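**Student:** This is the structure I have questions about; it appears just below.
The values are calculated or read from the model by the stated rules, or taken from the named source; none is laboratory data. Please read all numbers here as calculations on a predicted model, not as lab measurements. All Cβ positions, glycine included, derive from the backbone under ideal geometry; neighbour counts span all protein chains shown. To get the accessible areas, we keep the full protein, side chains included, count just its heavy atoms, and leave off ligands, DNA and RNA. Shrake-Rupley method; radii C 1.70, N 1.55, O 1.52, S 1.80 Å.
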Amino acid sequence: MGIYWVLLAVFHVAVLAYTGNSCTVHIEKENDFVPFGQTAFLNCTSNCTNLSWETRLAKVREYKDRTSNYAWVEVRVSEWEDSPIQCLATDDDKDEATVIPYVLPSQLDIDLKEELEEDKEHEVTCSVYGVAPVQYVILSVTRGGETIFRRTYEEDTRRGPQNLTETFTFNATRSDNLQDFACQVTLNLPNIPNTTVQTSPVTIRTYALPEDPHITAETWVEKGTETSISCEIPRAFPPDNITTVFSVESYPNTSVTGNMFVSFNLDTNVLPEDRYNLVCVSQVFSASKKSNKHIYIYDPPMVKLTVSSNVANLSDTVTADCKLIQGTSDNFDLSISVDGGEAKTEESPDLTENITITRRKPNLTVTCKIIIRDNKKELLTKEETLTVHYPPEFSESLCPDSIVWVEGNERLFGCRSEGNPTPEEKCTLDLANLPLQTTTTFSAERNMSGIYTCQASNLIGTMNKSVEVTVQYPPEIPTVDISTASISVGGFVNITCHSDALPPPTYSWEIPPHAQVDFFKDNRSITIREASLYHNGTYTCHVKNKHGNSSTPQNLEVKSGDKDNTTSLIILGFVGGAILVAIIIGVICYFYHQRDKKGFYPVEQNCNSGEIPMPEINTA
């Protein structure tokens, strides 16, 4: 047991001895990045003693406490390479840090024009001088404080101050106007503030002259008049910086200056007849655009128009002559046309045209025009009116082949003709020799229906046309025919209705309730095949066409069976008595006829008279 405890004690002493010889070393620093030429301060702590510093940088100050576990050092950063620094303990335990030198740019420039044309590509150049290390550099272009371009150099391992130049391109827009542009360099160093350098801002102005100036002026201006001319610069920008000069070349004291719109009145009284050049020049900053337009000052021309005759018949030829009597024929053309039709145009001071009258129109207008040869503008017009005579003519629109009237209406005969002088028309009913004037009103009667011959006449000729006239009228009071107005039950009756009308009327009947009848001939006839007491009553015929209607009632009496037998007996009695009288008269006649064979007896009365003649007695 004693040996055990001794061995155990020795083991613990060895362990403690081993543990006491292990060191930990730690460097505390403010930052890895240090401005070049300045000093860096580093602390080192350890659980061991006798700390020391190793570095290639020049030590400015150093402190170490041999009895404690603390040491510090201040070194000057004088090399552009990254410099390692080691803190070492006695037993070669150590910690290492790196010092990275940097320097902000000594100068930063921006190259950008202050006036930029819209929709054009422009360059902005940033120049950086003496910045290090490059791999941490961020080079930017800002507009109104916002970054629009950005460049980094992470792959660039160069040490020491470097000069950098970058050029960026962009299209200027109207929104860039009066914006501040600047170049900016930032060293992206962790935990190092205030590493951004920026140039002074450049305030730019954008401008635009997207179109050439637009000149507004009459090309041809009559001498002695005043005309307005103007020049406009569409969509130009900015208006306040635009200068526009508008002038009439070769005409002194006509320059007018303005912004985007310039105008003035040009007095041509002081200008001779000639061609003049209008010039408009617009300028904004370094950009300018120019437009030209020619105008012509001319003396007012005049023409004379004559026609060989102002009155012509159809197919005649009239000669029209148009002559330029004032003005330069080199500048003007003459034109002759009839009623706006196709014109004859010539480059001549005297133009003649033979016009054949082919149109049935009372008046034709002959027109002579002066036309500017350069731009075909019409300047002056003269006119002459021709009176054209032609014979009458009927057309379907003025005189249709058939006409319908209504009886009793006031009418004009609807047949007119066309001609010049204005024709007179008369229409006559062929069979009745009934004349009607086409311009006089009359009351239509049904006897006016028929075929009329319409005649139109003027000084040039006569024209005839046949016109069929139909006079329509409403239905007359209908006539009702009945086969018998009184009938016994079981008898047969026929009722027929008729009315005169044009167009022919339609027929309808109003009959007693429950009466069963047959209708024939477009409802004109009613047939009762076997009468009953239901058929007793009034039967009314109605007639109608588009001009009116009418009706006629007819009564029908249907008798019962008893009364019919009594009536039959009475009739049979009368018939039997008549037969008996006839037999008696025949016997008497036969007797006298036989007697005449024995002697002569004059008979003064015919036996057929029904009277018995008295014999005459001869007493000689």
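**Student:** List pairs: first residue in segment 214-229 and touching a residue at least 40 places away in the same chain (Cβ under 8 Å) and more than 16 Å from Cys280 (Cβ to Cβ), second residue part of a loop (DSSP other than H, G, I, E, B) and among the hydroxyl-bearing types (Ser, Thr, Tyr) anywhere in the structure, Cβ distance under 7 angstrom, at least six positions apart or on different chains.
**Tutor:** Filtered contacts from segment 214-229: no entries.
**Student:** Follow-up. Of the residues Val221, Val279, Val284, Val248, which single one is open to solvent by less than 40 Å² (accessible area, probe 1.4 Å), over 30 Å from Ser175 (Cβ atoms), touching a helix residue (DSSP H, G or I) at 6+ places or on another chain (Cβ under 7 Å) and β-branched (Val, Ile, Thr)? Break it down stepwise before answering.
**Tutor:** On the way: Val279 fails: touching a helix residue (DSSP H, G or I) at 6+ places or on another chain (Cβ under 7 Å); Val284 fails: over 30 Å from Ser175 (Cβ atoms); Val248 fails: touching a helix residue (DSSP H, G or I) at 6+ places or on another chain (Cβ under 7 Å).
Residue meeting the stated conditions: Val221.
**Student:** Which one of the conditions (1) among the acidic types (Asp, Glu); (2) touching a strand residue (DSSP E or B) at 6+ places or on another chain (Cβ under 7 Å); (3) modelled with pLDDT under 90 does Asp240 fail to meet, given that it meets all the rest?
**Tutor:** With respect to (1) among the acidic types (Asp, Glu); (2) touching a strand residue (DSSP E or B) at 6+ places or on another chain (Cβ under 7 Å); (3) modelled with pLDDT under 90, Asp240 is out only on (2).
**Student:** Right, next: Need pairs with beta-carbon distance below 7 Å; first residue on the phi > 0 side of the Ramachandran plot and within segment 169-192, second open to solvent by 70 Å² or more (accessible area, probe 1.4 Å) and outside any loop (DSSP other than H, G, I, E, B); sequence gap 6+ or separate chains.
**Tutor:** Leu178/Arg205
**Student:** Have a look at Ile355, Ile371, Ile325 and point out the one that is within 30 Å of Phe246 (Cα to Cα), among the aliphatic types (A, V, I, L, M) and out of contact with any Gly (no Cβ under 9 Å at 6 or more places or on another chain).
**Tutor:** The match here is Ile371.
**Student:** Still on this structure: For segment 444-467: of the residues being assigned to a strand (DSSP E or B) and among the small types (Gly, Ala, Ser), which is least open to solvent (accessible area, probe 1.4 Å)?
**Tutor:** If we take residues in segment 444-467 being assigned to a strand (DSSP E or B) and among the small types (Gly, Ala, Ser), then Ala456 is least open to solvent (accessible area, probe 1.4 Å).
**Student:** Looking at (1) in a strand (DSSP E or B); (2) of a type in the set (A, V, I, L, M); (3) exposed (fewer than 13 other Cβ atoms within 10 Å of the Cβ), can you tell me which one Val480 breaks?
**Tutor:** Of (1) in a strand (DSSP E or B); (2) of a type in the set (A, V, I, L, M); (3) exposed (fewer than 13 other Cβ atoms within 10 Å of the Cβ), only one is false for Val480: (3).
**Student:** Still on this model: Sort out for me the strands (runs of 3 or more DSSP E) sitting completely within segment 256-349 that have 3 or more residues that are free of Cβ contacts under 8 Å to residues at least 24 places away in the same chain.
**Tutor:** Values: elements: 256-258, 261-267, 274-284, 287-298, 302-307, 311-313, 317-326, 332-338, 344-346.
Those strands (runs of 3 or more DSSP E) span 256-258.
**Student:** Kindly list the number of the only condition in (1) more than 30 Å from Thr203 (Cβ to Cβ); (2) in contact with a Ser or Thr (Cβ under 7 Å, 6 or more places away or on another chain); (3) surrounded by fewer than 18 Cβ atoms within 10 Å (Cβ to Cβ) that fails for Glu123.
**Tutor:** If we test Glu123 against (1) more than 30 Å from Thr203 (Cβ to Cβ); (2) in contact with a Ser or Thr (Cβ under 7 Å, 6 or more places away or on another chain); (3) surrounded by fewer than 18 Cβ atoms within 10 Å (Cβ to Cβ), just (1) comes out false.
**Student:** State which residue is surrounded by the most Cβ atoms within 10 Å (Cβ to Cβ) when the search covers only segment 52-104 and only residues that are small (Gly, Ala, Ser) and out of contact with any Cys (no Cβ under 7 Å at 6 or more places or on another chain).
**Tutor:** Filtering segment 52-104 down to residues small (Gly, Ala, Ser) leaves 52, 58, 68, 71, 78, 83, 89, 97.
Of the ones still in play, those that are also out of contact with any Cys (no Cβ under 7 Å at 6 or more places or on another chain) are 52, 58, 68, 78, 83, 97.
Working: Ser52: 15, Ala58: 12, Ser68: 11, Ser78: 14, Ser83: 19, Ala97: 17.
So the residue we want is Ser83.
**Student:** Can you pull out the residues in segment 128-165 that are free of Cβ contacts under 8 Å to residues at least 40 places away in the same chain, closer than 21 Å to Phe36 by Cβ and in a strand (DSSP E or B)?
**Tutor:** Matches in segment 128-165: Tyr129, Gly130, Gln162, Asn163, Leu164.
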